[in-house]
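**Student:** Handing you a structure now.
The values are calculated or read from the model by the stated rules, or taken from the named source; none is laboratory data. Just so you know, these numbers come straight off a predicted model, no measurement behind them. Counting neighbours? That spans all protein chains shown, and the Cβs are built from the backbone with ideal geometry, glycine included.
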Amino acid sequence: MMTEQIQVNHYTVSFGKKMILKDVSFALPTDQLTVVLGENGAGKTTLIKALIQAALTGEKAETIQVHANKLAYVPQFRDLGDDYPLSIKAFVGLGVRDKGLPWLNQEEKARVSDALNRLDLSELADLPLAKASGGQKQRAYIAQALAKKPDLLILDEPSSALDSLHTAELVAQIRKAQQDWKIGVLWISHDTSWVKKSADSYLWLHDKTITTGPAIELPDGASSKHSEEVKHVL
């Protein structure tokens with residue numbers, strides 16, 4: 001029986017006189033891949049920040065509750081600089097050093113190896129992250145998040161710079177990890193081309209409200225076509 005990992009009850013948020021979300025309520029069960037959709041300014045980032053805050057503080061607020069012992073978040077934009085010294089493998093390893101120790105035990109090394117393998121980075125493990133392509137860096141960021149073995153993984157536009165082929169590959173990789181580990185995944189996206197086939201459910205932010213349901217029932221109004229002009233960075 002599925003339990004609810006995220007519960008939002010009568011949540012309202014505004015900035016100044018501008019209402020962003022008004023009295024929204026929804027619940028998401030554990031062990032699902034949910035796609036968060038909406039135009040720019042619809043409140044996606046605001047909602048995700050509120051969910052992250054609730055997960056990190058562990059507070060049982062009346063409006064937002066997140067049941068996750070370990071959260072991993074991959075932001076849309078991240079630039080560590082051209083002189084970042086660590087290899088991809090060492091960078092991913094940072095995701096498992098919960099106690100700040102300067103070495104990894106066998107179990108932690110296995111988690112790093114598994115994360116690299118899941119994102120097709122094993123052969124690039126010793127490549128300096130600074131010399132990796134944009135797509136390789138993005139996969140390294142996600143691999144680091146997976147190495148944490150989170151209960152809840154939040155991805156902010158992870159495929160925004162990928163073409164349809166590489167988007168499909170990334171979706172398959174994340175989907176497999178989600179199903180293998182039975183974790184919750186929130187995937188913020190503007191591209192809906194894969195949602196009905198590969199996601200479990202959707203959250204559509206529009207008109208200051210939120211519509212949710214099974215991915216296969218995604219409304220036409222929430223759909224968008226992935227741009228063919230997107231830059232291929234892999």
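**Student:** Looking for whichever is in contact (Cβ under 8 Å) with a residue 12 or more places away in the chain, outside any strand (DSSP E or B) and in contact with a helix residue (DSSP H, G or I) (Cβ under 7 Å, 6 or more places away or on another chain) here; the options are Ala172, Ala130, Ala168, Ala115. Which one fits? Walk me through how you get there before you give the answer.
**Tutor:** Details: Ala172 fails: in contact with a helix residue (DSSP H, G or I) (Cβ under 7 Å, 6 or more places away or on another chain); Ala130 fails: in contact with a helix residue (DSSP H, G or I) (Cβ under 7 Å, 6 or more places away or on another chain); Ala168 fails: in contact with a helix residue (DSSP H, G or I) (Cβ under 7 Å, 6 or more places away or on another chain).
That would be Ala115, the only listed residue that is in contact (Cβ under 8 Å) with a residue 12 or more places away in the chain, outside any strand (DSSP E or B) and in contact with a helix residue (DSSP H, G or I) (Cβ under 7 Å, 6 or more places away or on another chain).
**Student:** Here's another thing I want to ask about it. Quick one: in region 1-46, which of the residues that are touching a Gly at 6+ places or on another chain (Cβ under 9 Å) and hydrophobic (A, V, I, L, M, F, W, C) is farthest from Asp191 (Cα to Cα)?
**Tutor:** So the residue we want is Val13.
**Student:** Say we look at region 77-101 and pick out the residues that are surrounded by fewer than 18 Cβ atoms within 10 Å (Cβ to Cβ) and part of a helix (DSSP H, G or I); which of these is modelled with the lowest pLDDT?
**Tutor:** Leu94
**Student:** Hey, any hits in region 55-76 for a residue that's among the aliphatic types (A, V, I, L, M), in a helix (DSSP H, G or I), modelled with pLDDT under 90 and surrounded by fewer than 19 Cβ atoms within 10 Å (Cβ to Cβ)?
**Tutor:** Within region 55-76, one or more residues are among the aliphatic types (A, V, I, L, M), in a helix (DSSP H, G or I), modelled with pLDDT under 90 and surrounded by fewer than 19 Cβ atoms within 10 Å (Cβ to Cβ).
**Student:** Of a type in the set (Ser, Thr, Tyr), at pLDDT 95 or above and either within 21 Å of Ala199 (Cα to Cα) or in a helix (DSSP H, G or I) (or both), is that true of Ser159?
**Tutor:** Judged against the criteria, Ser159 is not a match.
**Student:** Scan region 7-54 for residues that are part of a strand (DSSP E or B) and within 19 Å of Leu218 (Cβ to Cβ) and report the count.
**Tutor:** 11
**Student:** Please enumerate the residues belonging to region 30-50 that are in contact (Cβ under 8 Å) with a residue 60 or more places away in the chain, surrounded by fewer than 19 Cβ atoms within 10 Å (Cβ to Cβ) and more than 15 Å from the chain's Cα centre (by Cα).
**Tutor:** Within region 30-50, just Glu39 meets the criteria.
**Student:** Among the numbered criteria (1) at pLDDT below 90; (2) among the hydrophobic types (A, V, I, L, M, F, W, C); (3) not in a loop (DSSP other than H, G, I, E, B), which one does Val230 miss?
**Tutor:** Unmet for Val230, out of (1) at pLDDT below 90; (2) among the hydrophobic types (A, V, I, L, M, F, W, C); (3) not in a loop (DSSP other than H, G, I, E, B): (3).
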